[in-house]
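The values are calculated or read from the model by the stated rules, or taken from the named source; none is laboratory data. Keep in mind the model is a prediction, meaning the values are calculated, not measured. When we count neighbours, we look across all protein chains shown, and the Cβ atoms used for this are built from the backbone with ideal geometry, even at glycine. Note: accessible area is taken over every heavy atom of the protein model, side chains too, but ligands, DNA and RNA are not part of it. Shrake-Rupley method; radii C 1.70, N 1.55, O 1.52, S 1.80 Å.
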Amino acid sequence: MNYIISIDQSTSATKAVLFNEKCQLVCRKNVAHKQYYPKPGWVEHDAEEIYRNAVEAVREVVEATRGDGVTYSLAITNQRETVVVWNRNTGKPVYNAVVWQCQRGAEICDDLRQRGYTDMIRERSGLIIDPYFAASGVKWILDNVDGARSAAEAGELLMGTIDTWLVWKLTGGKRHVTDYTNASRTLLFNIHTLNWDDDLLRLFTIPHSMMAEPVPCDSVFGETTVEGLFDEPITIAGVLGDSHGALAGQMCFEAGMGKATYGTGSSVMVNIGETPMTAPDGLVTSVGFAAKGKVFYAFEGNIHCTGATIQWMADKLHLISSPAEIEQLATSVHDNGGVYLVPAFAGLGAPWWNPQAKAMICGMTLATEKGHVCRAALEAIAYQIKDLVDLMTNHAGIVLKELRVDGGPTKNHFLMQFQADMLNACINRSDVEEASAMGAMVMNGLARNVWADFDEVASLRTSDNRIVSAMSEKERNRLYSGWHEAVNKVNVR
């Protein structure tokens with residue numbers, strides 16, 4: 001039996017997810033790590049703790065499955081943008097990892113915007129200038145940690161996203177490497193040349209000597225005994241960032257295929273093909289994944305409140321006792337009764353971009369029931385996904401072939417049908433609980449020639465839970481027009 005272990009290193013924990021070569025999940029182990037908040041708006045992780053946890057999680061799945069004739073290889077998917085700076089001689093980080101949520105780089109980013117670099121950085125990296133991405137965190141470490149700047153300029157320091165750090169540690173410092181997807185989330189990578197951009201490195205005052213070698217996702221990244229767990233080294237192959245892992249894990253191998261992860265918020269990513277394009281305002285372009293000699297690009301956008309809206313109705317309004325109740329109430333009424341909920345709890349995101357906007361429920365009359373408000377909350381999730389998908393596909397000049405969805409809210413049948421109705425496209429609901437880890441596993445198998453091509457991998461997808469639109473165009477337009485009218489009521493500047 002040949003097993004593939006995907007290390008899924010997320011913001012809150014490190015999982016080891018073990019698959020067989022039929023893309024079937026066998027077992028998984030999860031080890032949480034501590035969050036550090038040294039100042040308001042600052043978020044850090046202990047990179048050495050993360051590495052120890054990765055080793056422990058792998059050890060636990062191996063102990064659960066080890067036997068005669070069993071072989072293993074290793075893949076990695078990771079929280080993106082979180083960055084580590086360490087000494088190449090001692091192997092010790094010079095500071096805690098700066099997490100993607102951290103805002104310490106805000107002044108650095110503001111300065112670059114004020115100096116007029118927005119368009120240049122966007123054109124080369126595909127990204128907007130924001131502390132969310134890794135570059136400002138690295139610059140902050142070099143500027144603020146004693147001795148870091150001089151050590152970096154002397155060639156003694158290395159930097160990397162979490163994938164790079166794990167591979168470097170697992171290979172005993174032999175491999176300083178990253179994949180194109182993680183590289184494309186740093187603000188330092190040119191998505192056209194597929195290499196580090198010297199001008200971007202200069203803007204963030206980061207020496208080129210710190211940078212890892214960027215390679216496709218389906219590369220062999222090295223060998224490891226995982227701190228002596230294996231008598232003989234096993235192969236590390238298949239690395240990509242977590243959202244990209246979900247795109248590949250959902251088998252979105254063609255332009256026009258997209259994935260939406262429904263959680264507290266929602267991450268929407270659409271494969272736009274092999275030509276990079278500038279994303280619509282407020283969205284970003286990244287390398288979607290790179291394998292079998294091809295590089296696919298993706299537009300990506302994030303929605304602040306989807307599942308969080310349902311949780312708010314349970315925790316704060318007490319309209320429902322748990323999120324599971326909302327579907328029954330929403331379907332207890334014939335339609336939304338003209339009620340719309342605009343969940344601008346953290347402002348309006350794409351395509352509106354108004355951080356001052358406030359949430360609102362509108363259109364209520366004396367005939368409005370609890371069911372109408374619950375229905376409006378679910379409909380709002382679908383409208384927001386449609387806003388993003390329409391923006392992406394129209395801008396790229398492509399038609400949405402299928403939206404593959406995962407996450408807790410996808411169990412809501414009403415929501416999924418309404419989503420298909422709004423998009424007038426097929427929704428394919430995944431039964432894969434670990435989509436990101438699955439994507440890393442796919443890249444591992446492609447790297448080791450377990451599968452010859454994308455079609456062979458796609459044939460292993462077991463989920464075929466398709467939902468198609470059942471709504472007339474007239475009704476779709478009427479409802480979506482009402483959503484726009486509701487948004488315009490809160491989109492006041």
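With viscosity set to 1.567 mPa s at 4 °C, what whole-number translational diffusion coefficient in µm²/s follows for segment 360-401 from Stokes-Einstein and a Kirkwood radius over Cα pairs? Write down the numbers at each step before the final one.
Numbers: Rh = 12.3 Å.
D, rounded to a whole number, is 106 µm²/s.
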Let me have the relative contact order for segment 381-465, percent, based on Cα pairs under 8 Å that are six or more residues apart. 28 percent
Whether segment 296-442 is rounded, prolate or oblate, judged on the alpha carbon gyration tensor where a/c under 1.5 counts as rounded: prolate
Cut-off under 20 Å on the C-alpha distance; same-chain residues fewer than 8 positions from Lys316 excluded. Which aspartates and glutamates are left, in chain and number order? Glu325, Glu327, Glu369, Glu379
Which order do the peptides 244-251, 134-141, 65-72 come out in when sorted by mean C-beta neighbours inside 10 angstrom, highest first? 244-251, 134-141, 65-72
Cα-based shape type of segment 415-485, given that a ≥ b ≥ c are square roots of the gyration tensor eigenvalues and the cut on a/c is 1.5: prolate
Gyration tensor (alpha-carbon) shape descriptor, segment 85-182, a/c threshold 1.5: prolate
Rg/Rg_ref, segment 119-269, where Rg_ref = 2.2 N^0.38 Å and atoms are Cα: 1.14
Pick the calculated P(r) over Cα pairs in 20 Å bins from 0, in percent for this structure from (i) 25, 59, 16, 0; (ii) 24, 55, 21, 1; (iii) 22, 49, 26, 4, 0? (ii)
Leaving out ligands, DNA and RNA, what percent of the accessible area of the chain is carbon and sulfur, probe 1.4 Å? 48 percent
Mind checking the dipole of the chain: about its Cα centre, +1 per Lys or Arg Cβ, -1 per Asp or Glu Cβ, Debye to the nearest 20? 720 debye
With a Förster distance of 30 angstrom and the Cβ-Cβ distance between Tyr37 and Ala154, calculated FRET efficiency to the nearest 0.05 equals 0.40
To one decimal place, what Kirkwood hydrodynamic radius in Å is obtained for segment 251-374 from all pairs of distinct Cα atoms? 16.8 Å
With labels modelled as points extended 7 Å from the Cα through the Cβ direction, what inter-label distance (nm, one decimal) is found for Met364 paired with Asn20? 5.4 nm
Part-to-part distance (alpha-carbon centres) for segment 196-222 and segment 261-324, which is given in Å: 26 Å
Could you name the lysines in cross-link range of Lys489, using Cα to Cα under 20 Å and dropping any fewer than eight places away on the same chain? Lys358, Lys386
What lysines does Lys174 reach when the alpha-carbon gap must be under 16 Å and sequence neighbours fewer than 8 apart in one chain are set aside? Lys92
Taking the chain and dividing mean pair separation by its residue count, relative contact order in percent (alpha carbons under 8 Å, at least six apart): 14 percent
Which one, Met422, Ala458, Asn444, projects farthest toward the positive side of the charge dipole computed for segment 417-493 from Cβ point charges (K/R +1, D/E -1)? Met422
Computed over segment 352-493, the relative contact order (Cα-Cα under 8 Å, seq sep at least six) in percent reads 31 percent
